Amino acid sequence: MDDVFNGNTFHEENELFYDDECHSERGSSDDEADNAAEDLSDDEEQQTQPPVALLNTRFLKQELEGENVAEIIREVLDFMSSKHINLPLFLDALSWGDPGCHSDAKIQYARTSLMVSDELPGILERWYHPPRGSRKGKGKRPAGAQQVLRDFARKCVVDCVDREIKTSAP
């Protein structure tokens, strides 16, 4: 299980997964898009071959089957705490919120893994509409990020409409 979290290379049916050493040697600039999303625009179809980051996440998810994920998460959170960072600060920095994180290859790879993951839509859905606590559907539902996501969705729609108006205007 330790191999899953230490950045080693995985081979499964001739598919290469994340290799920390190879990835950190690759140069990039702040203006470069993250690996898998580099050639995609809002209107383009996705690549026919899944990005390596997506395949790696799927592999890691399979490796987690039967593991105590809550314990692993607690260990990660404890480590983050020892580094004086919490989840909001981590996600902000990872998501282009810190200039040092823009072009770091390992951070780019982690960010790309999230952006192209099968899990991202479910994460956003649960942030918008969190499940009730462990009391079998009773009690108050956690607030989640419903208002923040509504405001964000509204901004996205306005941006899309503005872009369409600009491109369709004579």
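Of note:
- Seen from Val148, the other residues with C-beta closer than 12 Å to its C-beta sum to a net charge of +2, counting Lys and Arg as +1 and Asp and Glu as -1.
- Region 100-170: trypsin sites (Lys or Arg not before Pro) in DSSP loop, at most 14 other beta carbons within 10 Å: Arg132, Arg135, Lys136, Lys138, Lys140
- The local environment of Asn68, defined by Cβ-Cβ distances under 12 Å, has a net charge of -3 under the rule Lys, Arg +1 and Asp, Glu -1.
- 11 Å beta-carbon shell around Asp98, net charge (K/R +1, D/E -1): -2
- Converting phi to 3J(HN,Hα) with the Karplus coefficients 6.51, -1.76 and 1.60 and the offset θ = phi - 60°, region 151-162 yields 4, 5, 4, 4, 4, 4, 5, 4, 4, 5, 5, 4 Hz in sequence order, with x at every glycine or proline.
- Restricting region 82-169 to GluC sites (Glu not before Pro) in coil, as DSSP defines it, with at most 15 other Cβ within 10 Å: none
- Exposure proxy ranking, count of Cβ atoms within 10 Å, fewest first, for Val52, Val76: Val76, Val52
Coordinate-derived values only; no laboratory data. Note that this is a predicted model, so its numbers are computed, not measured. When we count neighbours, we look across all protein chains shown, and the Cβ atoms used for this are built from the backbone with ideal geometry, even at glycine.
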